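S.K.: I have a structure here, written as structure tokens, and I will follow up with some questions on it.
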Amino acid sequence: MTLSRRGLIARAAASAVAAAVPERLLAATGDAGLFEARVARVQLAPPGYRETEVWTVGGTMPGMALRVPQGGRIARTLRNALPQPTSVHWHGIRIANAMDGVPGLTQAAVESGAAFRYDFVAPDAGTYWYHAHNRSVEQVARGLYGALIVEEAEAPEVDRDEVLILDDWRLDPETGQIAADFDAPHDRSHAGRIGNFVTTNGRYDLSLPVRTNERLRLRLINASNARIFALALSGLDGWTVALDGMPLASPEPVAEAVVLGPGQRADLIVDVTAAEGETAHLARVEDGKGFAQVAFPVAGTAGGVRMTAPGALPPNPRMEVGGLGDALTAQLNMSGGAMGQLDAAVLDGERRSFAQLVEANQFWAFNGTIGMTQAPLLEAARGQTLRLTIVNDTAFPHAMHLHGMHFREVAGDGSLGPLRDTALMLPTETREVAFVADNPGDWLLHCHMLSHAASGMMTWLRVTA
Ligand code: C2O
Ligand code: CU
């Protein structure tokens, strides 16, 4: 017996697992924007292990990929079929504040069984991602994220465009299931939750066949909780053309490793130089050794001559950071963690001793305060330029992410670096970032090492209209 299309739609409407039905069928029911967060099982670990239970949007790993043209609208109804409240943050998008997905700041968390309508415009082309922003330390570790690609009106000429989402998982080596120690004090007070199983697009052995001289655009997204990826090319010649979604003024040849902290992205354009029968690699560099992150076995040739260096991607609108001379300035001192200097800090409005902080499983402070404050770190009028000096007075790296706006780093000589939404701060580093507060609303500024965010490294800014 074959099911009719009509029958399928009726069943989908009647069932709670509508997300399992292909999008084109849902379109007929007028619910094309469905975006269901739910439990699924995927083959993550090598054969021999049973499937791993993950949390995903739409049932696949990685979750449903979204692609829209620049200036296009994303309208999706998040349905929460998870056993926990959740929300979705659209990382790196200059979004309307009410759509930013931060429980307690821009919306209430979406309870199990409930729904929330996200509806916004994506003003900038580039490589972005979405991820859970409620109890992120658990929900992102369980896989609740996906790619969000905003396409240029005039895309660079490449043979292929590949989205590569890098992640690491902490799997129980016996069962292949995700270890549920999400609040482990050691992770919170040290480098965060580092996994023991590294994947790209949910595959530990991702292999993409290519041809010699083929040109690929690789959109790299670091979705891990805390791992810093250092990536090198072998059998590939490449240029970095964008960071955190935003085009570089001119493409930079990939000489050494491309370093991506949690939440960061890089767009590379690479030419396959490996010959027929060889395998090119995107390699992960750890302790001076290379590991295959993605393999590109070469079969065939795409024309005889390699192309010349790529041009710059078209810049996104309104990205100048002017007014540095009369900017509003502030300093953010990061302290705490293992081997740090934190002997007391303010938690929930009260000064606590280090022993009390340990008891509360809270380890990190911004300007002496742990976690969110009543008043914002900074309040700026729309259009004002802000300069923020960030001092990492800790023994660990931190990936500082600003919601809603991109910033540029101010170098010692006053020159401005590339646009970023996440800055990887190495231990004991001091860096200054500057941006124009042109997006009204309440915006988080936090460490994207998610165990750190959950144990103190979280503050916010207000931009008044
Ligand atoms: Cu990618 Cu506040 O997060
Ligand atoms: Cu951190």
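The values are calculated or read from the model by the stated rules, or taken from the named source; none is laboratory data. Please read all numbers here as calculations on a predicted model, not as lab measurements. Reconstructed Cβ throughout: ideal geometry from the backbone, glycine too, with neighbour counts over all protein chains shown. Remember, those area values only see protein heavy atoms, side chains included, never the ligands or the DNA or RNA. Shrake-Rupley method; radii C 1.70, N 1.55, O 1.52, S 1.80 Å.
S.K.: Please indicate, with yes or no, whether at least one residue in region 81-100 is out of contact with any helix residue (DSSP H, G or I) (no Cβ under 9 Å at 6 or more places or on another chain), crowded, with 16+ Cβ neighbours inside 10 Å and free of Cβ contacts under 8 Å to residues at least 40 places away in the same chain.
M.R.: Checked against the condition, which is being out of contact with any helix residue (DSSP H, G or I) (no Cβ under 9 Å at 6 or more places or on another chain), crowded, with 16+ Cβ neighbours inside 10 Å and free of Cβ contacts under 8 Å to residues at least 40 places away in the same chain, region 81-100 yields at least one hit.
S.K.: Next question. I need the full set of residues from region 246-273 which are buried (at least 20 other Cβ atoms within 10 Å of the Cβ) and among the charged types (D, E, K, R), in order please.
M.R.: So the first thing to find is which residues in region 246-273 are buried (at least 20 other Cβ atoms within 10 Å of the Cβ), and the list is 246-247, 251, 258, 260-272.
Within region 246-273, R265, D267, D271 qualify.
S.K.: Let me ask something additional. Can you tell me which residues in region 365-375 are within 16 Å of ligand 2 (Cβ to nearest atom) and open to solvent by 60 Å² or more (accessible area, probe 1.4 Å)? Walk me through how you get there before you give the answer.
M.R.: Just the residues of region 365-375 that are within 16 Å of ligand 2 (Cβ to nearest atom), to begin with: 365-367, 369-372.
Listed by number, the residues that qualify are N367, M372.
S.K.: Can you work out which of the residues in region 208-245 that are within 16 Å of ligand 2 (Cβ to nearest atom) and open to solvent by 20 Å² or more (accessible area, probe 1.4 Å) is nearest to L282 (Cα to Cα)?
M.R.: Within region 208-245, the match that is nearest to L282 (Cα to Cα) is I228.
S.K.: Could you identify the single residue in M449, M400 that is at pLDDT 95 or above, in contact with a His (Cβ under 7 Å, 6 or more places away or on another chain) and not aromatic (F, W, Y)?
M.R.: Details: M400 fails: in contact with a His (Cβ under 7 Å, 6 or more places away or on another chain).
It is M449.
S.K.: In addition: Among the residues of region 329-364, count how many are crowded, with 17+ Cβ neighbours inside 10 Å and outside any helix (DSSP H, G or I). It would help to see each step written out before you state the result.
M.R.: Going through region 329-364, the residues crowded, with 17+ Cβ neighbours inside 10 Å turn out to be 332, 334-337, 340, 342, 345, 347, 352, 357, 362-364.
Cutting the leftovers down to outside any helix (DSSP H, G or I) gives us 332, 334-337, 340, 342, 345, 347, 352, 362-364.
So the answer is 13.
S.K.: Do we find that D159 is open to solvent by 50 Å² or more (accessible area, probe 1.4 Å) and over 27 Å from A266 (Cβ atoms) in this structure? Can you show your working first?
M.R.: Working: open to solvent by 50 Å² or more (accessible area, probe 1.4 Å): yes; over 27 Å from A266 (Cβ atoms): no.
Here the answer is no, as D159 does not meet what is asked.
S.K.: Looking only at region 379-428, filter to residues that are in contact with a Phe, Trp or Tyr (Cβ under 9 Å, 6 or more places away or on another chain) and among the basic types (K, R); which one of those is nearest to ligand 2 (Cβ to nearest atom)?
M.R.: Of everything passing the filter in region 379-428, R420 is nearest to ligand 2 (Cβ to nearest atom).
S.K.: How about region 62-79: which of its residues are more than 24 Å from N201 (Cβ to Cβ) and open to solvent by less than 40 Å² (accessible area, probe 1.4 Å)?
M.R.: Within region 62-79, A75, T77 qualify.
S.K.: Oh, and also: Select from region 101-120 the residues that are buried (at least 16 other Cβ atoms within 10 Å of the Cβ) and at negative phi and list them in ascending order. Break it down into steps so the answer makes sense when it comes.
M.R.: Kept after step one, since they are buried (at least 16 other Cβ atoms within 10 Å of the Cβ), are these residues of region 101-120: 101-103, 105-107, 109-110, 116, 118, 120.
Scanning region 101-120 gives V102, P103, L105, T106, Q107, A109, V110, F116, Y118, F120.
S.K.: Now for a separate question. Please list, ordered by first then second residue, the pairs with beta carbon atoms under 9 Å, 6 or more apart or interchain, first in region 330-343 and away from ligand 1 (no atom under 16 Å from the Cβ), second in a strand (DSSP E or B) and among the charged types (D, E, K, R).
M.R.: A330/R387
S.K.: Exactly one of (1) surrounded by fewer than 20 Cβ atoms within 10 Å (Cβ to Cβ); (2) more than 16 Å from ligand 2 (Cβ to nearest atom) is unmet by L461. Its number?
M.R.: (1)
S.K.: Can you report the number of residues in region 112-123 which are closer than 24 Å to A242 by Cβ and away from ligand 1 (no atom under 16 Å from the Cβ)?
M.R.: 2
S.K.: Give me the pairs, please: first residue somewhere in region 436-455 and over 30 Å from G325 (Cα atoms) and touching a residue at least 12 places away in the same chain (Cβ under 8 Å), second residue anywhere and more than 14 Å from ligand 1 (Cβ to nearest atom) and part of a strand (DSSP E or B), beta-carbon distance under 7 Å, and either six or more positions apart or on two chains.
M.R.: H452/W364; S455/W364
S.K.: May I pose another question? Report whether or not A423 is modelled with pLDDT of 95 or more, crowded, with 21+ Cβ neighbours inside 10 Å and closer than 20 Å to A375 by Cβ.
M.R.: no
S.K.: Which one of these does D393 not meet: (1) among the acidic types (D, E); (2) surrounded by fewer than 13 Cβ atoms within 10 Å (Cβ to Cβ); (3) touching a residue at least 24 places away in the same chain (Cβ under 8 Å); (4) closer than 30 Å to D181 by Cα?
M.R.: (2)
S.K.: Are there any strands (runs of 3 or more DSSP E) wholly within region 206-307 with 2 or more residues that are basic (K, R), and if so which? Steps first, answer last, please.
M.R.: Working: elements: 210-212, 215-222, 229-234, 236-243, 246-253, 258-260, 265-272, 279-286, 289-301.
Answer list for region 206-307: 215-222.
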